[in-house]
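What follows is calculated from the coordinates using simple rules that are stated; it is not laboratory data. Since we're looking at a predicted model, the values are computed, not measured. Using ideal geometry, Cβ is built from the backbone for each residue, glycine included, and neighbour counts are taken over all protein chains shown.
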Amino acid sequence: MAYQEVFQWLVDIGLVDVVLPFILVFTLTFAVLQKTRVLGEEDKKPKRKLNTMLAFVMGFFAVLATNLLNVINVLMAYMVLLLIVGLLLALILGLSGAEGGHTNRFFIAIMIILFALFLFYGLARAGVIDEQRFFSSILWPVIAIGAVALVLYFILRKKPAQARPPQQRGAPQQQQRRSAEEPREV
C-alpha cells in the first residue's frame with residue numbers, strides 16, 4: 001500500500017490544506033482579472049504581470065486566513081461531486097437524444113439548482129450557515145419572493161404575435177382589376 005503512504009505524506013506536508021487552496025484562489029482570481037481587464041490594458045491586451053501579482057497576493061491572503069481554508073476545502077469536495085453529477089447528467093441527456101449541452105435550458109436549470117443545493121450543504125457542513133436559522137428566516141422568504149417574481153413574469157411578459165396565414169401577393173389588386181374590367185349589367 002505504498003500509494004496510501006504517498007498521499008498521507010502529501011497531506012502531511014500541506015498539499016491539501018495550503019497548496020491546493022492557493023492554486024485554486026490564484027487561478028480563479030487571475031482568470032477573472034484577465035477576462036474583465038479591471039486593471040487596464042497594454043496594446044489591447046490585459047496587463048498580465050499586474051494581474052499575476054494581484055492574484056498571487058490574493059492566493060496568499062486566502063492561505064493565511066485559516067478559517068477560510070476550512071471552508072474552501074469543504075466546498076472543493078462538494079464542487080467536485082457537483083462536477084461528477086453534472087457530467088453524468090450531460091451523459092444521460094446526450095444518450096437520451098436531448099439537443100445541445102450548454103444551450104439546453106433543462107440542463108442549465110438542473111445544474112443551477114444542484115449548484116445552489118451543493119453550495120448550501122457545503123457551507124452548512126463548514127459551519128458558515130446555521131441550517132435551522134437558514135430554513136426559518138431565509139429560505140421561505142426567498143421562495144415566496146421567487147414565486148411572486150415568477151407569477152409577475154408570466155403575467156407581464158410579452159406574448160408572441162400570432163402568425164397570420166400568408167396572403168397571396170397582389171390578390172386584392174387582381175380582384176379590383178377584374179371587377180373594373182368586367183362589364184356591368186344595368
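Taking a straight line from the alpha carbon of K35, these lysines sit under 22 Å away, with near neighbours fewer than eight places off in the same chain left out: K44, K45, K47, K49. Distance between the 7 Å Cα→Cβ label points at R37 and K49: 2.0 nm.
For the pair I23 and L119, a Förster radius of 22 Å applied to the C-beta separation gives a FRET efficiency near 0.60, rounded to the nearest 0.05. The calculated FRET efficiency for the pair E99 and V142, based on their C-beta separation and a Förster distance of 45 Å, comes to about 0.90. Projecting label points 7 angstrom from Cα along Cα→Cβ for L91 and F61 puts them 4.0 nm apart.
Just order 147-159, 4-16, 119-131 by mean Cβ neighbour count inside 10 Å, highest at the front, would you? Display every interim value, and only then the final one.
On the way: 147-159: 8.4, 4-16: 11.1, 119-131: 15.3.
So the peptides 147-159, 4-16, 119-131, ranked by packing, come out 119-131, 4-16, 147-159.
The trypsin sites (Lys or Arg not before Pro) found in the range 27-76 that occupy coil by DSSP, while having at most 13 further C-beta atoms within 10 Å, are R37, K44.
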